[in-house]
Amino acid sequence: MTVARRGDGRVESRQAYSRARALGGAVYERRDDVIDVLHTYTPPALRGGNLAAELTRAALDFARAEGLRVVPTCSYTRRYLARHGA
């Protein structure tokens with residue numbers, strides 16, 4: 001599986017791919033020194049397999065590398081941060 005960053009610098013996403021097929025994604029918006037994680041999606045057949053966690057971690061790693069504060073609008077991201085921290 002490959003996680004790739006897509007977007008225009010303001011609204012971006014992390015997409016997970018396997019054999020060129022999209023598996024899911026995390027969409028976030030960047031505003032000044034903030035990254036707002038808006039939505040995380042995995043298809044029902046792939047839920048429970050840690051894909052959403054990997055996508056969320058990739059977005060959080062990006063935020064940390066860029067020195068951005070995280071706003072977790074996405075309910076999955078809020079739960080992830082409550083369990084794992086930033």
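Restricting attention to the range 63-83 and to residues that are in contact (Cβ under 8 Å) with a residue 24 or more places away in the chain and out of contact with any helix residue (DSSP H, G or I) (no Cβ under 6 Å at 6 or more places or on another chain), the residue that is surrounded by the fewest Cβ atoms within 10 Å (Cβ to Cβ) turns out to be GLY67. Of the candidates ARG30, ARG79, the single residue that is of a type in the set (Lys, Arg), in contact with a Gly (Cβ under 9 Å, 6 or more places away or on another chain) and modelled with pLDDT of 80 or more is ARG30. Residue pairs whose Cβ atoms lie under 9 Å apart, sitting 6 or more positions apart in sequence or on different chains, and linking a residue in the range 33-55 that is over 13 Å from THR77 (Cα atoms) to a partner that is surrounded by 15 or more Cβ atoms within 10 Å (Cβ to Cβ) and aromatic (Phe, Trp, Tyr), do not occur here. When ALA53 is tested against (1) in a strand (DSSP E or B); (2) aliphatic (A, V, I, L, M); (3) surrounded by fewer than 17 Cβ atoms within 10 Å (Cβ to Cβ), exactly one condition is not met: (1).
So that you can scan it fast, the table gives a plain yes or no per residue for (1) in a loop (DSSP other than H, G, I, E, B); (2) surrounded by 21 or more Cβ atoms within 10 Å (Cβ to Cβ); (3) basic (Lys, Arg); (4) modelled with pLDDT of 85 or more:
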position	(1), (2), (3), (4)
VAL3	no, no, no, no
GLY9	yes, no, no, no
ALA22	no, no, no, no
ASP36	no, no, no, yes
THR40	no, yes, no, yes
ARG57	no, no, yes, yes
ASP61	no, no, no, yes
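The values are calculated or read from the model by the stated rules, or taken from the named source; none is laboratory data. Values in this document were obtained by computation on a predicted structure and should not be read as measured data. We place every Cβ from the backbone using ideal geometry, glycine too, and count neighbours over all the protein chains shown.
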